[in-house]
Amino acid sequence: MTSSADATDAPSHSSPSNYRDVRAQLESLTTEAFRPELSEIDQLPTLDIAKLMNGEDATVPGAVAAQLPSIAAAIDAIAERMGRGGRLVYAGAGTAGRLGVLDASECPPTFNTDPSEVVGLVAGGPAAMTTSIEGAEDSAELAVEDLSALDLTADDVVVGVSASGRTPYAIGAVEHARALGALTVGLSCNADSALAAAADHGIEVVVGPELLTGSTRLKAGTAQKLVLNMLSTITMIRLGKTYGNLMVDVRASNEKLRARSRRIVSLATGASDDEIEAALAATDGEVKNAILTILGNVDGPTATRLLDESDGHLRAALAAAPRL
C-alpha cells in the first residue's frame with residue numbers, strides 16, 4: 001500500500017519529459033517540500049523523533065483554524081442541499097479517498113443516515129481501501145464513471161479531497177459534478193490549488209512540509225480528517241441530527257449503543273430508568289422520539305408526527321407539542 005495519496009501523482013506509463021514535468025509540479029508544492037534540517041532524523045533517538053512528530057502534529061489545528069470561514073461557508077451550503085434531499089459525496093485517491101470513505105461510513109451509526117446519504121468514493125474502488133491501485137488517481141475519467149453510477153443531481157454535493165490539490169481523480173470529480181449543477185467543495189493542503197479553483201468552495205489547509213518528504217498521510221492526512229469531521233458533523237447538527245451535544249439520532253445496533261441510547265435519553269430528560277424504558281418501547285427504540293414523548297408529554301405516534309412535520313428537528317418538534 002502506498003503511504004500517501006499524493007506522494008506520486010505521475011502516470012504509471014509516461015515519457016521522461018512527462019516525469020520531469022510532474023517532478024517540477026511536485027517540487028512547487030508545500031506538501032512535497034524537502035526539509036534539510038531533518039535529513040538525519042533516522043539517526044536520532046526514538047523519543048526525539050516522537051517529540052518532533054508530535055510537535056509537527058500540534059501545528060495542524062492552527063492551519064485548520066485559518067480556514068474556518070471557508071469551512072463554515074461550505075457547511076452551510078452542504079446543509080442546504082442535504083436539507084432538500086441531496087447527498088454528500090466524498091471523492092479522492094489513496095489516503096484522501098480512504099479518509100472520505102471512513103467519514104462516510106461513520107454517519108449511519110452516528111446520525112442514523114441511510115448509507116446512500118453520505119458516500120465515500122476512492123479511486124480504484126473498494127479494493128483501493130487496502131491495496132494501491134496503480135494509475136487510478138491519475139484518471140479524471142474514472143471519477144466521472146464513479147459519479148455517473150450515483151446519478152448525481154443538482155441537489156447533491158461532491159467534495160474532492162487531495163493533499164496536493166492536483167490529483168486528476170479529485171479534480172475530475174469536482175468538474176463533472178459542477179457541470180451537472182451539483183455543489184462542489186475542493187479540500188487540499190496547498191495554496192492556489194487546481195482543486196480549489198475548480199470547486200464552488202475551496203478549502204486549502206496549508207500544513208507545510210511533512211516530517212517525511214511528501215508523506216501526506218501525516219499532517220495533511222490529519223488536517224483532512226479534521227475538516228471532514230467538521231463537514232459531516234456540523235452539517236448533521238444543522239440538519240437536526242443532534243439535540244445540544246447529544247447524538248439523538250444514534251442507531252442502537254449493538255449493546256454499547258443500546259446502553260448509550262438510554263444514557264442519551266437520561267441526559268436529555270432526567271427521567272427515571274422505568275420512564276426511559278417505557279418511552280423507548282413506545283417509539284421502537286428511536287432515541288429522538290423517546291425524548292419527545294417524555295419532554296413533550298405525547299405518545300409515540302404523536303412524537304413521530306411532530307418530528308416529521310419539523311423535518312426531524314427535536315427542538316422545533318418540542319415547540320410544536322401541545323401544551324397541557
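The values are calculated or read from the model by the stated rules, or taken from the named source; none is laboratory data. Please read these numbers as outputs of a predicted model, since none were measured by experiment. Here the Cβ positions follow ideal geometry from the backbone for every residue, glycine too, while neighbour counts run over all protein chains shown. To get the accessible areas, we keep the full protein, side chains included, count just its heavy atoms, and leave off ligands, DNA and RNA. Shrake-Rupley method; radii C 1.70, N 1.55, O 1.52, S 1.80 Å.
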In the set Asp200, Asp151, the lone residue that is in contact with a Leu (Cβ under 9 Å, 6 or more places away or on another chain) and either among the charged types (D, E, K, R) or open to solvent by 40 Å² or more (accessible area, probe 1.4 Å) (or both) is Asp200
Kindly list the number of the only condition in (1) open to solvent by less than 30 Å² (accessible area, probe 1.4 Å); (2) in contact (Cβ under 8 Å) with a residue 60 or more places away in the chain; (3) within 29 Å of Lys256 (Cβ to Cβ) that fails for Val122. (2)
Every residue from region 53-87 that is in contact with a strand residue (DSSP E or B) (Cβ under 8 Å, 6 or more places away or on another chain), outside any loop (DSSP other than H, G, I, E, B) and small (Gly, Ala, Ser): Ser70, Ala73, Ala74, Ala77
Which of the residues spanning region 35-68 are exposed (fewer than 12 other Cβ atoms within 10 Å of the Cβ), farther than 19 Å from Thr222 by Cα and not β-branched (Val, Ile, Thr)? Pro36, Glu37, Ser39, Glu40, Asp42, Gln43, Pro45, Leu47, Asp48
Consider Glu210 against the criteria (1) among the charged types (D, E, K, R); (2) surrounded by 24 or more Cβ atoms within 10 Å (Cβ to Cβ); (3) more than 17 Å from Thr31 (Cβ to Cβ): it satisfies all of them except one. Which criterion is unmet? (3)
Right, Leu306: assigned to a helix (DSSP H, G or I) and open to solvent by less than 60 Å² (accessible area, probe 1.4 Å) or not? yes
Condition check: open to solvent by less than 50 Å² (accessible area, probe 1.4 Å) and either among the basic types (Lys, Arg) or farther than 29 Å from Thr95 by Cα (or both). Does Ser215 satisfy that? no
Among the residues in region 259-277, are any open to solvent by 20 Å² or more (accessible area, probe 1.4 Å), closer than 28 Å to Leu102 by Cβ and hydroxyl-bearing (Ser, Thr, Tyr)? no
